[in-house]
Structure formats: structure tokens, C-alpha cells
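See structure below.
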Amino acid sequence: MTTPNMPIKIGKRICKNRITMAPTVKFNAGEDGIVTDFFVRHYALRAKHGCGLVCVEATAVSPEGRLFPSQIGLWNDDQIEGHRKIVEACHPYGVLIIPQLHYGGLGTHPDCGPLTSPTAVLWKKGDREVMAKELTVPEIHRIEQCFIDAAVRAKTAGYDGVQLHGCHSYLINDFASAVNQRTDEYGGSTENRARLGCEIIQGIRKACGEDFIISIRTSGCDPTVEESIGIAEYYVKAGCDYLQISNGIQDVSDLPHDESLPYNRVASLGVRFHEHFKGIVPVSLVNGIRTPQQVYYLLENEMIDTVDLACGLLADPAFSEAILEGKPYVKCYSCKRCAWSDHKRPCPALKKRGNEAWEWN
């Protein structure tokens, strides 16, 4: 029986337990994308309370591909030092730490750059529709190199690896999804739609070595669950060590789901992927996991390898200790204040947690 405290091998590294912090954007940087002390405190506090792996929020690989002007980045060497401070604050707690590398694609903020896509498409942004620019092959190659260069900077900063953001309408997800209507080597077949992610994975592996974790947060249902599993097979074949499963462009509300289960539709995608990739690469799920009992159910029944926590850890940094050691915790109230927030709208649970959490954030 798998328990939350059991170590797990991810690539060449050992993660001390099965509890991981999901990447959740705080948008608290300046337009230079440099990490501030806020981020150092924010991640060190979650590491201190027992997470086995911490994934630093969406980190832009190029300024024109940001999802918000105040997003942190790794697109130039000036940003390395701030990331090094995060690593140095977290590593003493025995945690693995990786940044999530991101390029906006259809999720790009209009103040940062144009919407880009594998195929020119009319895309809704807020209350208006915008025509996304179709990328040329040289432009695709430039963006791939941006990911690779950012990964090299991440390694220089001391990170244990990187995660590629392949969900939520961002560029890697766009190429894998039904939005992609290209007829060249980056469109059409499952292999071609996975090509962007695969070439990035292969480039990072060559540049950063075999002991550097390469993971990808990939959509579990774009355009179907079966096709998404096929896409992920190519990512693994290219050298991906670890899959984190979330959702993307496709609406998940039509997916069949047994509502009696203690996890939701998005989390169920991770369960499906774990069934397929068991014994090949570890798989993590995310979304709506806010009680220790949910974590126990998923791990003890060997339905997943690791559990990504988001709102629960934002509400109480010690939520991981509640799972690992049975300690009391302050529950997440599901009020959505933590989503896309830099704590200008205070989280009531975090405030209730007390001075340590409140002052660190």
C-alpha cells in the first residue's frame, strides 16, 4: 500500500514523499520578471512544512509570451539570481524544486505580446475576439530555444529540473489540441502535434544532462483522453521523466465521471493516465484536492503516484503536515481569492493560520 510518506524516484532524483506543491501564479513581480523576496518566502514556507516537491509558478521563457505583465521569468541572465534565492531557501528542507516554464500562445496577455497559435484562429480574450497569429517554422524554433535557454538558466540557479506548461490554452497545449490545423510537420498526426513539446524536451535533455528532471503538465483531454495519452506517450519517448495531468482547451464537463468518488473530473484524468503509464513514469494529479482523506484514498488505493496540492497549500502552508503527520490545519474555504492573486485580497484561511503564514506572505 502506498502512503503519503513514501519516497518516489522521479527521473534520477528521489522525492522524499508523495506530496507536491502545484504551480500557482501570484503575479507579484515587476515587468522585469525578477523574483522578489515575496516569492522566496512564499515557496520556502511550503517547503518548510513538508512538501516533497515544489513547482514554482509559471515562469516566462520570453517576455512577449507572458500571461501577465507581472509574471516572473527566466528569459535573461539577470533573473537567475532571484531564482537561486528560492532554491537556496527551499533546499535545506530536503525538497526537490523545479520551475514551470511557460509561453502564453493563446493565453498571452495583450499588454505583453500578440496571441500566437499553431493556426490562425479567432480567439476570445475577455469581452472581445482577437485573431491569433499563426507561427512560422522559424518562429517555432526560436520559441523552442527560449525554453531550452530558460532550462539552462534554471539549472544554473540550482533547480533540480523543470516542468513544461502544456495546459490551459498555453502554447504547448495549443499545438497538441484541436486548434492545431497545420499541414506541415507540426500538425495533423498525434506525433506531429506532440512535436513542439518533444523537441523542447530533447533540447533540454541535451543541454542539461540526464540527472535533470524534465516534467510536463499536460492536458488530459485535448481533443480526447485517448489522443492526450498518445501525445504524452511521445513526450515520454522524447525523455520526459514525470507527467502532471490537468485540463486544457477542451471542456471537461462532458467527461463521464462517477460523482460518488472523492475527487473531481480533472483529477480523474490523472487517474486515467496513471493506469496507462504505471511502471513507466510517475504521474501526478491536481484539482480540488483539499482534504487529507482525499490524498489517502488516492495513494492508498494506488490510483496515482503523487498528489499536486494548490488551494489547500495556499490556504495553509502546513496542509502537507496535516497529510503526512496528522496535524491540524486550516481548511480552504474555496472562495477563489487565491486564484490569480498576489494576496491583495487576503485569503481568510491563510489569515486564520496565524502570524507565520501571514507575515511570510
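One table, with the values for the structure above:
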| item | result |
| --- | --- |
| Residues located in segment 318-361, provided they are aliphatic (A, V, I, L, M), modelled with pLDDT of 65 or more and within 19 Å of ALA47 (Cβ to Cβ) | ALA318, ALA322, ILE323, LEU324, VAL330, LEU350 |
| Subset of segment 311-327 (residues that are small (Gly, Ala, Ser) and either in contact with a Phe, Trp or Tyr (Cβ under 7 Å, 6 or more places away or on another chain) or surrounded by 20 or more Cβ atoms within 10 Å (Cβ to Cβ) (or both)) | GLY312, ALA315, ALA318, SER320, ALA322 |
| Candidate set: segment 110-134, residues that are surrounded by 11 or more Cβ atoms within 10 Å (Cβ to Cβ) and of a type in the set (Lys, Arg); chosen: the one modelled with the lowest pLDDT | LYS125 |
| Breaking point among (1) within 19 Å of HIS165 (Cα to Cα); (2) buried (at least 17 other Cβ atoms within 10 Å of the Cβ); (3) free of Cβ contacts under 8 Å to residues at least 24 places away in the same chain, for LEU269 | (3) |
| Some residue of segment 284-307 being buried (at least 22 other Cβ atoms within 10 Å of the Cβ), assigned to a strand (DSSP E or B), of a type in the set (A, V, I, L, M) and within 17 Å of the chain's Cα centre (by Cα) | yes |
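The values are calculated or read from the model by the stated rules, or taken from the named source; none is laboratory data. Predicted, not measured: the structure shown is a model, and the values here were computed from it. Ideal geometry is used to build each Cβ from the backbone, glycine not excepted, and the neighbour counts take in all protein chains shown.
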